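**Q** For reference, the structure I am asking about is given below.
The values are calculated or read from the model by the stated rules, or taken from the named source; none is laboratory data. Values in this document were obtained by computation on a predicted structure and should not be read as measured data. Cβ atoms come from the backbone with ideal geometry, glycine included; neighbour counts cover every protein chain shown.
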């Protein structure tokens with residue numbers, strides 16, 4: 001039984017200021033000589049204050065070390081931008097209530113994660129750049145749609161098993177994969193190849209009650225979608241006040257690959273699929 005790779009999804013942080021992060025065009029407008037060769041700043045570890053009485057030092061696990069390295073590398077690699085949409089989950093909620101007993105008879109727990117993955121598929125087909133990898137002077141558009149889903153392991157960390165070729169699967173098949181991969185991830189029974197080959201990632205952080213987040217991209221992918229908790233909120237529909245089960249979707253994307261408008265169209269497609277579920 002091999003050890004699976006780990007990925008971490010954490011809040012986004014603003015990059016530092018300074019000429020190093022200014023594009024040449026802006027530097028020229030300000031009367032400066034443009035920096036033509038971008039380099040990451042050399043960072044040094046801040047001095048650690050000596051422990052106070054009663055403090056405890058806890059050694060990092062290998063998983064936590066891997067998570068830390070991956071997160072820092074991702075923020076140094078991709079200029080992160082996050083866009084947030086609000087989605088009416090009325091039709092998805094109704095469909096789940098009407099079908100979860102039937103799925104259960106097949107031994108499948110019909111979760112909202114399955115609906116989200118199923119909704120991401122047509123959006124990736126409509127906007128294939130969201131399913132690509134930045135490769136220097138070109139983009140590598142991935143043929144397969146392999147969607148990773150973040151699974152929390154509690155204090156042990158987080159792992160991202162991958163649903164391979166999700167575009168070829170029904171909602172039932174996706175839901176079955178979600179159940180199987182999540183259960184085996186928590187029991188540490190995943191095979192190494194079941195965490196590899198992802199082309200896009202979903203983190204359903206709403207499971208823990210979070211409303212919205214700004215997740216960090218799972219390198220070398222273009223983006224990651226965060227799904228918040230579904231809550232009944234007051235909304236205005238056709239000039240009338242109504243109460244609907246609402247959810248925030250936050251899409252963190254690599255600005256080298258996508259501009260804001262394209263990223264918004266991508267999330268709008270996911271919203272359209274979820275709100276029109278039948």
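**Q** Does residue 231 meet the test of being more than 25 Å from residue 132 (Cα to Cα) and in contact (Cβ under 8 Å) with a residue 12 or more places away in the chain?
**A** yes
**Q** Looking only at residues that are touching a helix residue (DSSP H, G or I) at 6+ places or on another chain (Cβ under 6 Å) and under 27 Å from residue 220 (Cα atoms) in the range 70-100, which one is surrounded by the most Cβ atoms within 10 Å (Cβ to Cβ)?
**A** Checking each candidate, the answer is 83.
**Q** Taking residue 197, is it assigned to a loop (DSSP other than H, G, I, E, B), at positive phi and under 17 Å from the mean Cα position of the chain (by Cα)?
**A** Criteria met by residue 197.
Yes or no, residue by residue, for (1) closer than 17 Å to residue 224 by Cα; (2) in contact with a helix residue (DSSP H, G or I) (Cβ under 9 Å, 6 or more places away or on another chain); (3) surrounded by fewer than 21 Cβ atoms within 10 Å (Cβ to Cβ):
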| site | (1), (2), (3) |
| --- | --- |
| 145 | yes, yes, no |
| 158 | yes, yes, yes |
| 181 | no, yes, no |
| 187 | no, no, yes |
| 200 | yes, yes, no |
| 203 | yes, no, no |
| 209 | no, no, yes |
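**Q** Could you grab me the full set of residues in the range 248-276 that are within 15 Å of the chain's Cα centre (by Cα) and either in a strand (DSSP E or B) or free of Cβ contacts under 8 Å to residues at least 60 places away in the same chain (or both)?
**A** Once the filter is applied, which keeps residues that are within 15 Å of the chain's Cα centre (by Cα) and either in a strand (DSSP E or B) or free of Cβ contacts under 8 Å to residues at least 60 places away in the same chain (or both), the range 248-276 yields 248, 249, 250, 251, 252, 253, 254.
Residues checked against (1) at pLDDT 95 or above; (2) under 18 Å from residue 183 (Cα atoms):
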| site | (1), (2) |
| --- | --- |
| 98 | yes, no |
| 106 | yes, yes |
| 110 | yes, yes |
| 122 | yes, no |
| 139 | yes, no |
| 146 | yes, no |
| 151 | yes, yes |
| 154 | no, yes |
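**Q** Please specify each residue of the range 171-200 satisfying the condition of being within 27 Å of residue 222 (Cβ to Cβ) and free of Cβ contacts under 8 Å to residues at least 12 places away in the same chain.
**A** 173, 180, 193, listed by residue number.
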